[in-house]
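Take a look at the structure set out below.
Please treat every number below as a calculation from the coordinates, not as lab data. Only a predicted model underlies this, so the values are computations on that prediction, with no experimental measurement involved. So basically every Cβ, Gly included, is an ideal-geometry build from the backbone, and we count neighbours across all protein chains shown.
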Amino acid sequence: MVEFLQRCWLLASSLTAAGIGFILLRRWCSGGVCKSKARLDGKTVIITGANVGIGKETARALAQRGARVILACRDLDKARKASNEIRIASGNGNVVVQKLDLASLQSVRSFANKITETETHLDILINNAGVFRCPKRKTDDGFEMQLGVNHLGHFLLTNLLLDLLKKSAPSRIVTVSSLAHGYGKIHFDDINLDNSYNSGDGYNQSKLANILFTRELAKKLKGTGVTANCLHPGVIMTELGRHYIPTLAIWWKILLALIAFLIFKKPWQGAQTTIYCAVAEELDNVSGLYFSDCAAKETALQAQDDEAAKRLWELSEKMVGLDESKKQQLYIPES
């Protein structure tokens, strides 16, 4: 009997220890939380890809703070459903949907024209939408899909909305990048990866491009009252993996499901750093930085290359056909 009780005690102790360990692991993996209580009443926010995942959670959080939130999405049916859910959850009826397909420069220009014609100000632009490790595909304009959506679409969108952002200063531009940028390389001689396509290389390149874009943009916006920062949201189980996960072997899927259960962030946790970059008072005059878990972090060395950032900017201008007059308005002479 004593031996049986000892075994029960050992089992209970082991289960308790495992449970505590699991709770601590989940808490550690959940990352930072935005503690700012800043209100956004009277502010206008645009969030790309805001109908699912961390974009939707970001939209919900900013709507709860009183902002007018514009969901810029490709799938209008999903976006309308998301906007209804956000209105109910936030108690804010000023959540609207606008069509934006980042894989089409024409769509980006149409969206930007509509915003500049109908909105009197724009206080926060959140470049959130993205595709992850998709099969080899081209955008409407012939760009590799991940580069086109994750970088070039947002590059053009941001530039077209800069006048409105400057007019609304102080204002913020927040771009969602990834820790994957550390594995990235900008293939200047084969930017669309036509010669050798690998979905991982394409994704990593696009996320590195997000940071180099932010780095150069922050320099060009110095003195305008518009800040530009980027971030890694964490490893999150969202619809972003819809292209990649089906390609895995069954045992990889099982392992990934187990890892996701143990350490992946939930969407609302993954949205915290985006929210932090959008609202935190201490970031009012902070620009050109990279954040993770609601704190500034150092990027990989290739993301600190000013020459590469400038070269990518110039190449991106040519690829999207940025108008010369718009370029002149963007460049700010150094004092």
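A compact table of results
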| read-out | value |
| --- | --- |
| Highest-first arrangement of 150-163, 111-124, 275-288, 220-233, where packing means the average Cβ count within 10 Å | 150-163, 220-233, 275-288, 111-124 |
| Label-to-label distance, nm, for residues given as Asn195 and Gln302 (7 Å Cα→Cβ offset) | 1.5 nm |
| Amide N of region 31-49 lying under 14 Å from the label point, which is placed 7 angstrom from the Cα of Gln64 along Cα→Cβ | 33-40 |
| Student exercise, region 35-330 dipole from Lys, Arg, Asp, Glu Cβ charges, in Debye to nearest 20 | 840 debye |
| Under 18 Å from Lys222, Cα to Cα: lysines that are on another chain or at least 8 residues apart | Lys166, Lys167, Lys310, Lys326, Lys327 |
| Radius of gyration, Dmax [region 66-132; alpha carbons; angstrom] | 12.3, 34 |
| Computed Kirkwood radius, in angstrom, where 1/r is averaged over Cα pairs of region 86-204 | 15.8 Å |
| Dimensions in Å of region 35-330 - Rg and Dmax from alpha carbons | 17.9, 54 |
| Surrounding net charge for Ser90, when Lys and Arg each add one and Asp and Glu each subtract one, Cβ distance under 9 Å | +3 |
| Pair Thr116, Glu281: separation of 7 Å Cα→Cβ label points (nm) | 3.5 nm |
